[in-house]
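The structure under discussion appears below in the form of structure tokens.
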Amino acid sequence: MVNIENVSFSYQNSNEASVHNVSLSIKKGESVLLCGESGCGKTTLIRMINGLIPHFYEGEMSGKVLLGEDEKCQMDVSDSELYDIARNVGSVFQNPRSQFFCVDSTSELAFGPENMGLPEEEILSRIDKTVAEMKIEDLVDRDIFAMSGGEKQKLACASVDTLSPEIFALDEPSSNLSLEAIEELKNTLLKWKKAGKTIVVAEHRLYWLKDICDRVVCLKDGRITFDMPMAEFIKLQEDELRKYGLRSVKENLDFTPVDDMENIEETIVLENYKYNYDGYDALDIDRLEVPKNEVIAIVGPNGAGKSTFSKCLCGLMKKFKGYMTVDGHRYKNRDMLKNTYMVMQDVNHQLFCETVREEVSLGMDEEDDAKIDEILEKFGLKEYGERHPMSLSGGQKQRVAVASAILSNKEILIFDEPTSGLDFYNMERVAELIRSLKNEKTVFVVTHDPDLVRRCANVVICFENGAVRREEN
Amino acid sequence: MKVCNTKKATIKRGLILDPRTKMLFLITITTFALGGAGGERTTYTVPVLCMFPFFLLLTARRVKTAFIGVALYWGVNILMTFGNAIYLTGVLYFLVLGSCGILGRFLPVIMMGRYLMESTTVSEFTAAMQKMKISEKIIIPLSVMFRFFPTVFDEANSINSAMRMRGIGLGGKHFTKMIEYRMVPLMACCVNIGDELSAAALTRGLGGTVKRTNICKIGFHIQDFIAIGICVIPWILLIMDVLKW
């Protein structure tokens, strides 16, 4: 169904090729998992299958990508137009925010078939069929901007489904999803598999794909390192997986942290944490006591109130009436804004200056070069002091944001999904960074990543419907 | 674990008007309220026309916006009319007159534009453009723009939060750099999102050679005819003015 023959590709403005001479043949009805460290070339391969390379992302390409079952009328991706490829390949991307063309869900479902110029009745019956099969009656006629990440990703799958392509190409579809939402994504993929579709998924989180994919292809530096059946792959030991920079296949979904809490001396008390949007209670917590200077993980399904909680904690919600008591001081909205800092999921939102040095010193009361140097050294950013923050890698940007929070004397740090879309090593680096803040700062980590929680948190608080679900510990 | 109950938000549409009617309204208001066409004859129709955007906002349940808008509009107009009577003179009078004049003229147009953006979905908009036989080459970029605005606001909101956490704001010590600090990340984010959006749209077949269909049902109803009727009045007056009847 998909034949990749001796393909190499290097992006424009990049000296290194991201894929070197890769050949891969995928049969009809086969489901293939592409894995490997960040930057190994799996996204590039996906883009070659859906035609974004070479039609959208420019660069130098050699080799051929052929689609289609019949030898005679195979479609050469580089010679076909994107809208013709779209009939055969459906794509789902990583970021649920940026894969919608419409603002309401029903038009979104109709968007693909409309582009194909199908008659109206045909489109409507296709939508009905998709909605019934995927059980998404509750997503019809909604404002997409008001949907949770999980719902958006489900809608993205559904709107690809209405085109009923033969091949599905998914690029890290689970990155921003909670465990519950991943479970639903898994069901969608199983449905496609049952219908005999060909599926290619590039992913970092592997556990949910073990019942879906039949074959695992691992890449490193643009070359295939191994290509084996799933049955063999799941037998690999943890240390072997680490060698390839992969996360566990048998992911432990337990959120219990590894190191137990030592006896707590000081605590932070949060009171009256309540917030509603137009009569809809997003957050409803009377009192919550958390240990000071420890790492607290906030987990729970998409839409359980985690983001509202973290925004309230930062003092960003103007109508918010709750308060926090630290060392006998009572902080209200304005003080919380001064004492807390959130490292956002998209760090690009919070880097303002022209150099890293300027960036980290922005919030300091008075500039203290020695202190800046010390912090930059600690976060491994010393040689980047004069670089533009936007030119750094994702992990480095995150560290710049943390460094700036520390230098502006923030007491409480909040990380909003710091590991979404990261491979094993990068995830471990983030965990290390968070661990290093312990005993100096109180850190809240909002996350869907059990691996991260186990590696850095002391306390786990699970949110459900805007309230805290009591855990055993 | 059960899937949480999410906020069931459907789009607040208000009075359902055909996008073409809304566009006609926008053009009419721009011409007469902002452009001041028609001179003497339309003096009494313009304030009436200017009330419609607020009325439409009311039907879309934007009560607060609508009331503030109406109050501002009339406040400004009253000041303009009676500025002389309350002995405003010199520079002050000049300032009041200038700012009121600008506000009074722009406000209804901005409100109408806002209503148009908020109450029209991308597909309704494209359907309307297609019915007006406008080329796909113009429709696609315009509809992308339509889709892009809410995203830009979303991004700007997040950046604003980030700035508040860093203590950059009115009265902060980095006050002078506020615009630069806001623009740099906004540009970076919008470029990224724009790229991702186009990629997603292209993989779903946008820009093909076949004629697009549109499942969106738009058409003129009684409320459209009433609205068009209202819009026609100042145009007739304008024609009469030009022909010196």
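The numbered conditions (1) touching a Pro at 6+ places or on another chain (Cβ under 9 Å); (2) not in a helix (DSSP H, G or I) are all true for A:GLY117 except (1). Checked across region A:265-277, the condition of being β-branched (Val, Ile, Thr), away from chain B (no Cβ under 14 Å), surrounded by 19 or more Cβ atoms within 10 Å (Cβ to Cβ) and out of contact with any Ser or Thr (no Cβ under 9 Å at 6 or more places or on another chain) holds for no residue.
Regarding region A:4-17, can at least one residue be identified that is open to solvent by less than 10 Å² (accessible area, probe 1.4 Å) and free of Cβ contacts under 8 Å to residues at least 60 places away in the same chain? So that I can check it myself, show each step before the final result.
Step one: of region A:4-17, the residues open to solvent by less than 10 Å² (accessible area, probe 1.4 Å) are A:4, A:7, A:9.
Within this subset, residues satisfying the condition of being free of Cβ contacts under 8 Å to residues at least 60 places away in the same chain are A:7, A:9.
Within region A:4-17, one or more residues are open to solvent by less than 10 Å² (accessible area, probe 1.4 Å) and free of Cβ contacts under 8 Å to residues at least 60 places away in the same chain.
Considering only region A:67-89, how many residues are in contact (Cβ under 8 Å) with a residue 24 or more places away in the chain, open to solvent by less than 90 Å² (accessible area, probe 1.4 Å) and not in a loop (DSSP other than H, G, I, E, B)? Even if it seems obvious, please write down each step before you answer.
First, pick out the residues of region A:67-89 that are in contact (Cβ under 8 Å) with a residue 24 or more places away in the chain: A:67-69, A:74, A:77-78, A:80-83, A:85-89.
Retained after the next criterion (residues that are open to solvent by less than 90 Å² (accessible area, probe 1.4 Å)): A:67-68, A:74, A:77-78, A:80, A:82-83, A:85-86, A:88-89.
Keeping just the survivors that are not in a loop (DSSP other than H, G, I, E, B) gives A:67, A:77-78, A:82-83, A:85-86, A:88-89.
Counting residues in region A:67-89 that are in contact (Cβ under 8 Å) with a residue 24 or more places away in the chain, open to solvent by less than 90 Å² (accessible area, probe 1.4 Å) and not in a loop (DSSP other than H, G, I, E, B) gives 9.
Residue count for region A:398-429 under the criterion of being open to solvent by 30 Å² or more (accessible area, probe 1.4 Å) and more than 18 Å from A:SER307 (Cα to Cα): the result is 8. Return yes or no: is A:GLU180 open to solvent by 10 Å² or more (accessible area, probe 1.4 Å) and within 13 Å of chain B (Cβ to nearest Cβ)? Here the answer is yes, as A:GLU180 does meet what is asked.
Where helices (runs of 4 or more DSSP H) fall entirely within region A:289-404, those with at least 1 residues that are of a type in the set (Val, Ile, Thr) and either touching a residue at least 40 places away in the same chain (Cβ under 8 Å) or closer than 19 Å to B:TYR181 by Cα (or both) are at A:306-313, A:356-361.
Among the candidates B:ILE226, B:ILE193, B:ILE218, which residue alone is among the aliphatic types (A, V, I, L, M), open to solvent by 30 Å² or more (accessible area, probe 1.4 Å) and either without any contact (Cβ under 8 Å) to a residue 60 or more places away in the chain or within 14 Å of chain A (Cβ to nearest Cβ) (or both)? Steps first, please.
Values: B:ILE193 fails: open to solvent by 30 Å² or more (accessible area, probe 1.4 Å); B:ILE218 fails: open to solvent by 30 Å² or more (accessible area, probe 1.4 Å).
Every option except B:ILE226 fails the conditions.
The single condition among (1) surrounded by 14 or more Cβ atoms within 10 Å (Cβ to Cβ); (2) free of Cβ contacts under 8 Å to residues at least 60 places away in the same chain; (3) assigned to a loop (DSSP other than H, G, I, E, B) that B:ARG61 does not meet is (1). Taking residues in region B:123-141 that are outside any helix (DSSP H, G or I), and partners anywhere that are surrounded by 11 or more Cβ atoms within 10 Å (Cβ to Cβ), the pairs with Cβ atoms closer than 8 Å and at least 6 places apart or on different chains are B:MET132/B:ARG20.
The values are calculated or read from the model by the stated rules, or taken from the named source; none is laboratory data. Just so it is clear, the model here is predicted, and its values are computed rather than measured. Please note: Cβ atoms are built from the backbone with ideal geometry, for glycine as well, and neighbour counts cover all protein chains shown. When the accessible area is computed, the model is the full protein with side chains, heavy atoms only, and any ligands, DNA or RNA have been set aside. Shrake-Rupley method; radii C 1.70, N 1.55, O 1.52, S 1.80 Å.
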